[in-house]
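Scroll down for the structure; my scribbles are underneath it.
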Amino acid sequence: MSTRDFIEKDYYAALGVAQDADAAAIKKAYRQLARDLHPDKNPGNADAEARFKDVSEAYDVLSDPKRRAEYDEARRLFGAGGAGARAGFPGGFPNNAGTGQPFDLGDLFGAAGGAGAGTRAGGGGGLGDLLGGLFGGGAAPGSARARSQAASGPARGQDVETEATLSFEEAVLGVTVPLRMQSPGTCPTCAGSGAKPGTSPHTCPVCQGAGVTSRSQGAFAFSEPCRNCRGSGQVVDDPCPTCTGSGVTTQTRTITVRIPAGVKDGQRIRLAGKGAPGRRGGPAGDLFVVVHVAEHELFGRNGSDLTLSVPITFGEATLGTTLTVPTLDGNVSLRVPAGTASGQTLRVRGRGVPGKGRTGDLLVTVEVAVPKRVSAVAEQAIKTLEAELGDPRPRITAAVSGGGAR
Ligand SMILES: [Zn+2]
Ligand SMILES: [Zn+2]
């Protein structure tokens, strides 16, 4: 909310309360309106939505005693709010406005600072800010003019953010995905001019294309956005039927996006120039895609390495074997040396996640599978084997009782 809003908006009218309404009455009015106008209760009703915002803004200010006092003072100084403030300062101005006397801005700051010192933290600072939004030209940086020039020049399109959910393989190997996006875009009917096809916008005769007009009020000259062209500097006689003259429509676009190999879950990828189109010849914004990567039933990921757990038998671990293990794009042979321990990790170079520079490895962790139940024959065979192999050393019992027992 700018201080300019303080002058132009009638918060009391927005809430339908008197200017001397007490805090309880303001709260009551706000609650009732907020209930009635709530977007959940008025789906798709732009008018209700706009009023809901106005009411919320009004309550924000009027429910805060300090801000309410500032608001009241701004209205007292600069008019009664609403259209009055825009048309000048009807009767709301202290002393010599309109008398033709040179007006000393210092007086204004001084008077206002004195009158409102108790309600403002910074004395004249708040008022200077207020004036900054109001006056064009020399009194304050010519904000109205600066804004209007920026508004009529080329404007870069908005950045757009969207999400894409990828399978594990897609994230590792890279994928091209179509993304459907809704964003404001250049109206296809009028190519953004806002004018009905066959016609074209012409320079606003009121402001000669500047987008601002100057008005003299007593000794003041101040600028305000041109009301004829609403600050754009251009007038459209026959508005485009598709966009009703705004030059912008909400468009659903499907764009094809190449997601590079090796993206991680949660990563935000920037695709330059794939956002909303620019206006009046400006460049397009950027598209940011937040990727979500699904889990894989077999593989895990550790940076650019893929991880995989493979069960092997006691016999395979003891005597060695060659396994065929899956990769994301096929199979690979893996030599398990004799005497491999359970939990040991073996590396298959270059079969991990492709990426810039180094491609990762596939890290295969072998786990010796232990059967839950065995047949009588197997049990006998295992006992025979145990007797043959002997106890592994050290055993904890041996280590603890060590000295005396043996
Ligand atoms: Zn159009
Ligand atoms: Zn104009």
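So here's what we get for this one:
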item: Distance in nm between pseudo-label sites at A13 and T165 (7 Å out along the Cβ direction from Cα); result: 4.9 nm
item: Reachable lysines from K53, criterion Cα separation under 23 angstrom, eight or more residues apart if same chain; result: K9, K27, K28, K41, K66
item: Cβ-derived FRET efficiency at R0 25 Å, D60 paired with D20, nearest 0.05; result: 0.80
item: Rounded FRET efficiency, nearest 0.05, which uses the C-beta distance separating A69 from F288 and R0 of 30 Å; result: 0.10
item: Length gained when the stretch T324-R227 is fully extended (0.36 nm per residue, less Cα-Cα span); result: 27.2 nm
item: D265-A338 pseudo-label distance in nm [points 7 Å out on the Cα-to-Cβ vector]; result: 4.2 nm
item: Simple label model, 7 Å out from Cα along Cβ direction - F314 to Q32, nm; result: 8.4 nm
item: Cα-Cα pairs of segment 300-389 separated by more than 18 Å (percent); result: 52 percent
item: Amide H within-cut-off set for I259, under 5 Å, with H built and near neighbours excluded; result: V175, T176, V177
item: S223 - accessible surface, heavy atoms, 1.4 Å probe, Å² rounded to 10; result: 20 Å²
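The values are calculated or read from the model by the stated rules, or taken from the named source; none is laboratory data. Since the model is a prediction, treat every value here as computed from it, not as a measurement. Counting neighbours? That spans all protein chains shown, and the Cβs are built from the backbone with ideal geometry, glycine included. Areas reflect the complete protein model, heavy atoms only, side chains present, ligands, DNA and RNA absent. Shrake-Rupley method; radii C 1.70, N 1.55, O 1.52, S 1.80 Å.
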